[in-house]
Structure formats: structure tokens, C-alpha cells
Amino acid sequence: MSNNPVQLKNKRWIYLLSFCLINFISGALYIWSVFAAPFASYFNQLNGTELTSSDLSSVFGLAAGLTPFLMLAGGYINDRMGPKLVVALGGLAIGVGYLICGYADSPSLLYIGYGLFVGVGTGMVNGCTINSAVKFFPDRRGFAGGLVTASLGIGAAALPFLVNALVVSIGISDACIIFGLGSAILICLLTLFTAKCPDDFANEFCDSPKAASVSGIETNWIGMIKSTLFIPLFVLFVTGSTMGLMLISSISGIANHQIGLGMTASAMAVSVISIANTLGRFISGTASDKFGRVPTLMFMLLLAIAGFVLLLWASPTSAWLFFTGTIFVGICYGSFIGTYPSLVADEYGNKNNSVNFSVMMLGYSIGGFGGPQLLKWAQQAGSYDRAYLICITAAALGIICGVIYLLIKKHQLSAASFS
């Protein structure tokens, strides 16, 4: 090891804090619905169109869909060179993306600025920070992964207030420019307090019961795809991602249309689901260390089913049902994002976890593209009920995948005990 293990055990907490702050800033990706309505109004005034925030939801879909692909590229570099370069480049891409949005005079530039650059930058940043944190904490993978991913949710909960204040005071265009410059500068500065985790750092925790409990294999992404556990884990991730991203992409518009909230109250719905998202990441990361990753996720899917049932019942006279259902779904979605980095490391090892997790995150890409499209299709029918029912079905499918995973895992452990 090129670094003193004792010093690294202390420094890793500084690195963890830096990873959390970086993710806090990049959490702005998930507040698109706060940007969407002002942009729709701005373009309508500028071009005489009749756009709504839902018409711009596919901008978020593109950004969310691209994120895992850049996590894959960033993860490959991170495994070899560490997070400094990739996170800095990602921060610059995020800044450029918001600058392009600031000068946009049509939705096409939003696709380039937000959909492409912000999505690319966020993917590079998140892939490095999440996986680096998990590598530095082999004894507390769920905790570290949950805390860093929770920081995304905290950013998504807090930043809408900053963005709204900027939009009200200086307009949507200047708000994007200032926000982009600030994000790029802060992310690049925070890279000074990050480092690459040595490949053999986990050996320092061989005596830790939590680290020793990992029963998976050490393999690269090819071995992961060939494993019998990959398909149930991948499909499970798709189900959790799709339902969460469907709501996050347009929660402000959904609140406005389904229960008649004004724009200010609809923006509050963004913060509500973001806070729930954050709680899900932190709670599940810690709980999964104790109760197991997949059992925790299966419980969260049951919670999501209850949430979508409440959303089906929600109306302008029962807004509390809407917000309660939103909280349940947000917690479930956050649990998937908070638990999967540790789950992948448990099953397929620490060394190649950045790339392995990025490949698994292609399931998030499916959710990023599919969730907003599902919502748009449902809205054309004049109701969100169809989308909610499909999400309930998807959650049930996810639970089945969890059962299949547990059965395969039980068989593998039994076979290993007799070998």
C-alpha cells in the first residue's frame, strides 16, 4: 500500500465528507421539475408556444438515461486512477450544461445542456463518489453507500429553494448561469479532498465481522453478467428505478394536475419526495448492513405498493393521501439507490466495483427513459391511474425477483458448505 493504513483509516472520513458534499451539489439533477415550469413559461412567452412542464419531462429522461453510461466510463477510470480527474471533469460538464440552458431559446438546447451535459457530468461524479466511498468502508458498506447517495437526495430537497429564489429574483436564464458556475467551482475545489482507495485496503478489515460476512466472488463485469444472480438483481433494480424516476421527473406537474396544487405548493412536492428519497437511502443503507440487502429492498417494494395505492385514491380533497403515497414511493426509490452499490460489492467484489456497479446502473437507464414516457402515456388518457397500476405490477415483479435471488443464494451457500 502506498499510504499508511492507519492514516487512511482516519483520512477516509474526510474523503467521505467530500464525496457527500460533491453529491449534494450534483443532486440538482433530480429537481428538473423546478426548472421545467419556468422554462416552459419562458419559451411560451418567447416563441408563442403552449408548452407545459410535462412536455419537457423527456429532458430529464435523457439526463437520467445517460447517467449510468457515464458512470461506466467514469468507473473504469476511477478503478485505475482515482476520483480526482473524473469528478473534476464531471463538475465542469455540469457547469457547461447549466450555462447552455441559461442561453437556451428553445427546448432543443435544453436537451443538449441539461439532458446531455448535466446528465453526463452527474454520471461521472456519482459513479466515482459512490464507489470510492464503498471501497474506503469495506466494514460499513451499507452505511457509506447510503450516506453518499443520501447526499444526492439532501441536495434535491434543499436546492429547489435556492433555485426558486434565483428564478424569482433574476429569471430562469440567469439563474441557470449562476447556478452552473457555482456548481462547477465547488465540485472542482472539493476534488482536492478526495483520493484513490488502494486495491488492498479491504485487507485491513479482515478481522471485521461485517467485512468478513461478504460471501460473493471477486470478478469483473463480464463475470458478473454471466453469474446466475445477475438477471434477478438487474430486473429488481429496473423495477425500483422506473417507478421512482417516473414520479421524480414530473412530481410538480402531477401535484398540480391531480390534486390542484398551485406552483408554490407543487414545488413543495419536489422537496417532499426528495426528503423521502434521502431518508430511504440512509435508512436502507444502514438497515441492509443488519438485515440483508435484498430483504430490505423487498420490504421497500411493499411500501411502494402501498404508496401507489394511496396515489390512486388521492384527490383535491385528500391531498394528504397524495403526499403520503409520494413519501412511500420516494423512500423505496432511495433505498434502491442507497443499497445497490453495497449489494454489488458484496456479490462481485471490491476491486472492480466501480465498473460493475455502473453496468448494473444500466437498469437505472431503462427507468430514466421508461418512467417519464410511462407518465406521458398515462397523462394522454387523462389520468395517472394507468401509470400507478403498472408501477404496482412492477413492484410485485421486483418482489418475485427478490425471492428468486434469495433461493439461488441459499442454494449457492448450501453447495459451498458441502464442497
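The values are calculated or read from the model by the stated rules, or taken from the named source; none is laboratory data. Because the structure is predicted, anything quoted here is derived from the model rather than measured. Here the Cβ is made from the backbone with ideal geometry for all residues, glycine too, and neighbour counts use every protein chain on show. To get the accessible areas, we keep the full protein, side chains included, count just its heavy atoms, and leave off ligands, DNA and RNA. Shrake-Rupley method; radii C 1.70, N 1.55, O 1.52, S 1.80 Å.
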Taking the Cα centre of the chain as origin, sum charge times position over the Cβ atoms of Lys and Arg (+1) and Asp and Glu (-1), and report the length of that vector in debye to the nearest 20. 740 debye
If one takes the longest principal axis of the Cα atoms in the chain, at what angle in degrees, from 0 to 90 and to the nearest 10, does the Cα axis of helix 57-81 lie? 30 degrees
Expressed per residue, the solvent accessible area of segment 26-143 in Å² (1.4 Å probe) is about 30 Å²
222 nm mean residue ellipticity, helices alone, for the chain (DSSP H n ≥ 4; -39,500 (n - 2.57); rounded to 500): -27500 deg cm²/dmol
Over segment 314-419, average the accessible area per residue using a 1.4 Å probe and give it in Å², no decimals. 39 Å²
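For the chain, with all protein chains present and a 1.4 Å probe, just round the carbon and sulfur fraction of the accessible area to a whole percent.
70 percent
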Keeping all protein chains in the complex and leaving out DNA, RNA and ligands, what accessible area do you get for CYS401 with a 1.4 Å probe, in Å² to the nearest 10? 10 Å²
Rounded to the nearest 10 degrees, the helix 119-136 long axis (Cα) sits at an angle to the longest Cα principal axis of the chain of 30 degrees
On a 0 to 90° scale, report how tilted helix 32-47 is relative to the longest principal axis of the chain, with both axes built from alpha carbons and the result rounded to the nearest 10. 30 degrees
With semi-axes √(5λ) of the Cα gyration tensor in Å as the read-out, I listed [x] 33, 27, 21; [y] 43, 28, 20; [z] 34, 26, 17; which label goes with the value calculated from this structure? [z]
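Can you tell me the order of 14-21, 376-383, 342-349 when each peptide is scored by its average per-residue count of other Cβ atoms within 10 angstrom, highest first?
Numbers: 14-21: 20.8, 376-383: 13.8, 342-349: 25.4.
Result, highest mean first: 342-349, 14-21, 376-383.
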Please go through the residue pairs LYS290/LYS410; LYS226/LYS290; LYS11/LYS290; LYS9/LYS84; LYS84/LYS135; LYS11/LYS84 and name each one whose alpha carbons sit more than 22 Å apart in this structure. LYS226/LYS290; LYS11/LYS290
